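The values are calculated or read from the model by the stated rules, or taken from the named source; none is laboratory data. In this text the structure is predicted, and so the values were computed from the model without any measurement. Cβ coordinates were reconstructed from backbone atoms using ideal geometry, including for glycine residues, and neighbour counts include every protein chain displayed. Calculation scope for accessible area: heavy atoms of the full protein, side chains included, ligands and nucleic acids excluded. Shrake-Rupley method; radii C 1.70, N 1.55, O 1.52, S 1.80 Å.
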Amino acid sequence: FFTKAPAKSGILGRNNLKKRLRNSGGTVSNRNLCDSAPLLWRVGDLRSVRAQGLVGALLGALPRTPRQNVRLGRPLLLLPEEERLLTERHVTPPHIRCVVVCVQDGGVELQVQQYQEAQQRSYEEQSVLALEDRKSALLRAMTSSPTDESLQRRLVALESSFSFPRSAMAVQLSTARAGLSYCADARDFLRADWPIRAQDEPRRAARYQVFRDLRGRGFYLTSAGKFGGDFLVYPGDPLRFHAHFIAVCVSLDESLSLLDILAVSRLGSNVKKTVLLCSPGTDGRVAYTSLQWSGMV
């Protein structure tokens with residue numbers, strides 16, 4: 001009952017996907033956690049994930065157009081199912097990729113001292129640049145008013161009276177290696193948050209089984225929270241196709257209210273999509289039931 005694109009285009013899409021997978025190498029080298037959300041920052045990781053048919057959602061603002069939310073940039077937020085599928089494919093490291101920092105023999109004090117020295121050097125460099133900028137501004141003002149003696153006195157006194165406040169100092173935030181480096185104790189503390197992500201385990205397992213099955217059939221999936229479902233199902237790359245289905249994950253023995261079925265069917269009809277009730281079985285297979293609104297009887 002799946003309404004796919006024409007067979008020829010579907011075959012071509014699968015062949016292109018396989019070709020991209022072969023060319024990409026299928027490796028994701030760095031995945032970071034913000035609280036419990038898995039994020040990808042590196043362009044290479046985004047390309048590798050996309051080549052495997054995993055879409056995610058961009059969250060960051062673009063540097064040149066930050067005051068808009070129509071087009072977004074890195075980082076890429078992965079669905080929990082996408083993250084788990086990457087883990088099962090052995091293309092991503094364990095849940096928290098971190099570098100162990102050995103804190104021995106005064107290592108912390110040495111790091112603090114190096115950080116303070118680097119901050120002091122940065123402050124001195126920025127003080128010189130700020131002073132030159134202030135002088136340039138006064139010189140430009142004197143060019144327009146060459147007879148103004150107050151400007152000349154200010155320029156002479158600027159060298160001795162200028163003070164650059166530390167609160168105005170620019171601090172560089174490195175994103176080349178997003179994330180922090182944790183020692184063993186810190187990693188153990190962070191793992192304490194992981195049971196939060198495992199709440200409602202049967203529900204999460206059912207969602208993942210549906211996600212893996214549909215992805216194995218060649219479909220692309222994104223979150224369908226705004227459509228009242230679990231996943232939006234695309235016949236191809238979401239940049240080229242509209243979603244055809246709204247997947248709703250329900251167990252085989254779960255009783256559904258008739259009003260809920262009518263509501264989700266009517267919603268799917270209004271957005272021109274077919275609703276799929278996806279029920280994972282104990283044998284690993286998934287049963288699909290399509291719902292379409294045909295009008296009141």
>> Give me the residue from the range 55-81 that is in contact with a Phe, Trp or Tyr (Cβ under 9 Å, 6 or more places away or on another chain), in contact (Cβ under 8 Å) with a residue 40 or more places away in the chain and buried (at least 18 other Cβ atoms within 10 Å of the Cβ) and, out of that set, farthest from residue 231 (Cα to Cα).
In response: 75
> Say we look at the range 147-162 and pick out the residues that are open to solvent by less than 90 Å² (accessible area, probe 1.4 Å) and not charged (D, E, K, R); which of these is nearest to the chain's Cα centre (by Cα)?
Replying inline: 162
>> Taking the conditions exactly as written (modelled with pLDDT of 85 or more, open to solvent by 60 Å² or more (accessible area, probe 1.4 Å), out of contact with any helix residue (DSSP H, G or I) (no Cβ under 6 Å at 6 or more places or on another chain) and not aliphatic (A, V, I, L, M)), does residue 121 satisfy them or not?
In response: yes
>> For the range 244-275, give me the residue count where each residue is surrounded by 20 or more Cβ atoms within 10 Å (Cβ to Cβ), outside any strand (DSSP E or B) and out of contact with any Gly (no Cβ under 7 Å at 6 or more places or on another chain).
In response: 2
>> Take residue 230 and tell me if it is modelled with pLDDT of 90 or more, surrounded by 20 or more Cβ atoms within 10 Å (Cβ to Cβ) and of a type in the set (D, E, K, R).
In response: yes
>> Under 6 Å between Cβ atoms, which residue pairs at least 6 apart in sequence (or on different chains) link something in the range 110-132 that is under 18 Å from residue 167 (Cβ atoms) with a partner that is hydrophobic (A, V, I, L, M, F, W, C)?
In response: 123/169; 126/169; 127/164; 130/164; 131/162
> If you go through the range 152-175 one residue at a time, do you hit one that is within 30 Å of residue 49 (Cβ to Cβ) and at pLDDT below 55?
Replying inline: yes
>> without any contact (Cβ under 8 Å) to a residue 12 or more places away in the chain and either open to solvent by 20 Å² or more (accessible area, probe 1.4 Å) or in contact with a Gly (Cβ under 7 Å, 6 or more places away or on another chain) (or both): is that true of residue 294 in this structure?
In response: yes
>> Conditions first: (1) touching a residue at least 40 places away in the same chain (Cβ under 8 Å); (2) hydroxyl-bearing (Ser, Thr, Tyr); (3) surrounded by fewer than 24 Cβ atoms within 10 Å (Cβ to Cβ). Residue 220 passes all but one, so which condition is the exception?
In response: (3)
